[in-house]
1. Could you count how many residues in segment 54-104 are outside any strand (DSSP E or B), over 23 Å from Thr146 (Cβ atoms), touching a residue at least 40 places away in the same chain (Cβ under 8 Å) and small (Gly, Ala, Ser)?
2. Going by the structure shown, is Asp40 outside the structural domain of Ser126 (by TED's automatic domain parsing) and either within 18 Å of Ile109 (Cα to Cα) or exposed (fewer than 14 other Cβ atoms within 10 Å of the Cβ) (or both)?
3. When the residues of segment 30-44 are narrowed to those that are outside any loop (DSSP other than H, G, I, E, B) and over 19 Å from Lys81 (Cα atoms), which ends up modelled with the highest pLDDT?
4. Where the second residue is not in a strand (DSSP E or B) and the first is closer than 18 Å to Leu96 by Cβ and lies in segment 118-135, which pairs have Cβ atoms under 7 Å and are six or more apart or on separate chains?
5. Limited to segment 105-134, what total is found for residues that are surrounded by fewer than 17 Cβ atoms within 10 Å (Cβ to Cβ) and either in a strand (DSSP E or B) or not hydrophobic (A, V, I, L, M, F, W, C) (or both)?
Amino acid sequence: MKKVRFIASTMVLALAGFATLTMTSCSKDEDCLVGYEGNDCKTEVRSNYNHTYRGNGTNSWGETYTDWALRFSSLGTEATKMKLELLDENDANVLLFNVTLTTNSTYTIEPKTTGNNSYEGQGTISATNASLTLTERNNSTGQVETTVFTFNNMIRE
């Protein structure tokens, strides 16, 4: 009788261990490279983000930006590269950036200089919301002036 109980206990433990290993290995999202998701890690996450996100923003001088938008689109064949357009309330393009996904829900702006202004920043993105913190440095007067623009909780249209 002890031998039967021992064999049964061993089988139950082996089955539980196998089930745990199987359940753990089924979730491949954690093992995917940045820019990919899914059980086979072949689905690009950026396809979920090719949208316009609209909301309000502010800058470090206290000015507000009502009904502005962030428009994302895929850029090239690399799964972490996207284009970001900052649009005003009339959907006119104010600034255009290339961005790189640093995780599947965060991005950084590739530094850019236009005229006397240089830009850098970062943000978050999901299928429903996006945010952007953008730093502008202006050197037109010989003294660097820095303005930080913040667009939080932009909602997908």
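The values are calculated or read from the model by the stated rules, or taken from the named source; none is laboratory data. Fair warning: this is a prediction, and the values are worked out from it, not measured in the lab. All Cβ positions, glycine included, derive from the backbone under ideal geometry; neighbour counts span all protein chains shown.
1. Qualifying residue count for the region: 1.
2. Values: outside the structural domain of Ser126 (by TED's automatic domain parsing): yes; either within 18 Å of Ile109 (Cα to Cα) or exposed (fewer than 14 other Cβ atoms within 10 Å of the Cβ) (or both): yes.
Spelling it out, Asp40 is indeed outside the structural domain of Ser126 (by TED's automatic domain parsing) and either within 18 Å of Ile109 (Cα to Cα) or exposed (fewer than 14 other Cβ atoms within 10 Å of the Cβ) (or both).
3. Step one: filter segment 30-44 for residues outside any loop (DSSP other than H, G, I, E, B), giving 30-31, 36-37, 43-44.
So of that shortlist, the ones also over 19 Å from Lys81 (Cα atoms) come out as 30-31.
On the way: Glu30: 60, Asp31: 88.
Residue satisfying both the conditions and the ranking: Asp31.
4. Ile125/Tyr49; Ile125/Ser105
5. Looking only at segment 105-134, we keep the residues that are surrounded by fewer than 17 Cβ atoms within 10 Å (Cβ to Cβ), and these are 105-106, 108, 110-118, 120, 122, 124, 126-129, 133.
From what's left, either in a strand (DSSP E or B) or not hydrophobic (A, V, I, L, M, F, W, C) (or both): 105-106, 108, 110-118, 120, 122, 124, 126, 128-129, 133.
Residues in segment 105-134 being surrounded by fewer than 17 Cβ atoms within 10 Å (Cβ to Cβ) and either in a strand (DSSP E or B) or not hydrophobic (A, V, I, L, M, F, W, C) (or both): 19 in total.
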